[in-house]
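Chemist: The following block contains the structure, expressed as C-alpha cells.
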Amino acid sequence: MNECGGSVAAVCAYFDIPPEQVLVVHDDLDLPAGTVRVKQSGGHGGHNGLRDIFAKLGSQEFIRLRIGIGHPGNSDDVSDWVLRKPSPEDKEAMLDAVDRAVAQIDQLVEGDLEPVMKVLHTQQEGKS
C-alpha cells in the first residue's frame with residue numbers, strides 16, 4: 001500500500017481516468033474500528049499510501065473510502081498496529097464496515113457521494 005501510487009497513476013493514464021473518478025479504499029487510524037467514511041479530496045493525514053498516490057497521480061482530488069482500524073494510543077506503536085492481526089472484535093467491526101460500504105457501491109461508483117455519506121456517516125460503528 002505504501003507504494004501504490006505508481007499503479008494507480010498507470011491505470012488512470014492507460015484508461016484516461018481523471019483523478020476525480022478514482023476511488024481509493026484505505027485504512028484509517030483516526031477512525032475507530034468499524035467506522036466507514038467517504039470524502040472527496042483532502043490531505044493524506046500521514047498515510048504513506050495516500051502520500052504516494054498524491055505524488056504519482058499529481059492530484060488529491062480523488063474519492064476516499066476510509067475504513068477505521070482504531071489507533072494504538074501511542075504514535076510509536078503505529079507500525080506494529082497496522083501490520084498486526086486485529087482483535088476478533090475489531091475484525092468483525094471492520095468487516096461490517098466493508099459490508100456497509102459495499103451496499104453503497106453503485107452510488108459510490110456513480111460519484112453520488114452525498115447520499116452515501118448520509119447513510120454511512122450516520123450509522124454507528126458495527127451496526128447495519
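Chemist: Each residue of the range 13-19 in turn: what ³J(HN,Hα) in whole Hz from Karplus with 6.51, -1.76, 1.60 and θ = phi - 60°, glycine and Pro shown as x?
Modeler: 5, 5, 9, 6, 9, x, x
Chemist: Step through the residues of the range 52-65 one at a time and calculate ³J(HN,Hα) from phi using the Karplus curve (6.51 cos²θ - 1.76 cosθ + 1.60, θ = phi - 60°), rounding each to whole Hz and writing x for Gly and Pro.
Modeler: 5, 4, 3, 5, 7, 7, x, 7, 10, 8, 10, 7, 10, 10
Chemist: Tell me whether the range 81-125 comes out rounded, prolate or oblate; compute the Cα gyration tensor, take square roots of the eigenvalues as a ≥ b ≥ c, and use a/c under 1.5 as the rounded threshold.
Modeler: Prolate, because a/c is 1.5 or more and a/b exceeds b/c.
Chemist: Let me ask another. What is the magnitude of the charge dipole of the chain about its Cα centre, with +1 placed on the Cβ of each Lys and Arg, -1 on the Cβ of each Asp and Glu, and no other charges, expressed in debye to the nearest 20?
Modeler: 40
Chemist: Right, another one. Would you kindly derive the ³J(HN,Hα) couplings of the range 87-102 from the backbone phi angles with the Karplus curve 6.51 cos²θ - 1.76 cosθ + 1.60 (θ = phi - 60°), listing them in order in whole Hz, with x for Gly and Pro?
Modeler: Along the range 87-102, the couplings run 4, x, 5, 5, 4, 4, 5, 5, 5, 5, 4, 4, 4, 5, 5, 4 Hz.
Chemist: Which distance in nm do the two modelled labels at residue 30 and residue 123 give, with both placed 7 Å along the Cα-to-Cβ direction?
Modeler: Here the modelled spin labels are 2.2 nm apart.
Chemist: Additional query: So for 105, 63, 69, fewest C-beta neighbours within 10 Å to most, what's the order?
Modeler: Result, fewest neighbours first: 105, 63, 69.
Chemist: Using Cα extents along the principal axes in Å as the read-out, say which of (i) 41, 35, 20; (ii) 43, 30, 22; (iii) 49, 37, 22 was calculated from these coordinates.
Modeler: Only one listed value fits the structure, namely (i).
Chemist: If you take the charge dipole of the range 27-128 about its Cα centre, with +1 on Lys and Arg Cβ and -1 on Asp and Glu Cβ, which of 83, 59, 47 is farthest toward its positive end?
Modeler: It is 59.
Chemist: Amide H neighbours of residue 27 under 5 Å, at least 5 residues apart or on other chains, H built in the peptide plane: list them.
Modeler: Those lying under 5 Å, H to H, from residue 27 are 67.
Chemist: Shifting gears a bit: Measuring from a point 7 Å past the Cα of residue 114 along Cα-to-C-beta, which residues in the range 1-28 have an amide N at less than 11 Å?
Modeler: none
Chemist: How far is the Cα center of the range 65-92 from the Cα center of the range 2-18, in Å?
Modeler: Computed from Cα coordinates, the inter-centre distance equals 27 Å.
Chemist: Among rounded, prolate and oblate, which fits the range 17-89 when a ≥ b ≥ c are the square roots of the eigenvalues of its C-alpha gyration tensor, a/c under 1.5 means rounded, and a/b larger than b/c means prolate?
Modeler: Numbers: a/c = 2.62, a/b = 1.78, b/c = 1.47.
Verdict is prolate for the range 17-89.
The numbers here are math on the coordinates, done by the rules we state, and not lab data. Fair warning: this is a prediction, and the values are worked out from it, not measured in the lab. Methodologically, a virtual Cβ is constructed for each residue, glycine included, from the backbone with ideal geometry; neighbour enumeration extends over all protein chains shown.
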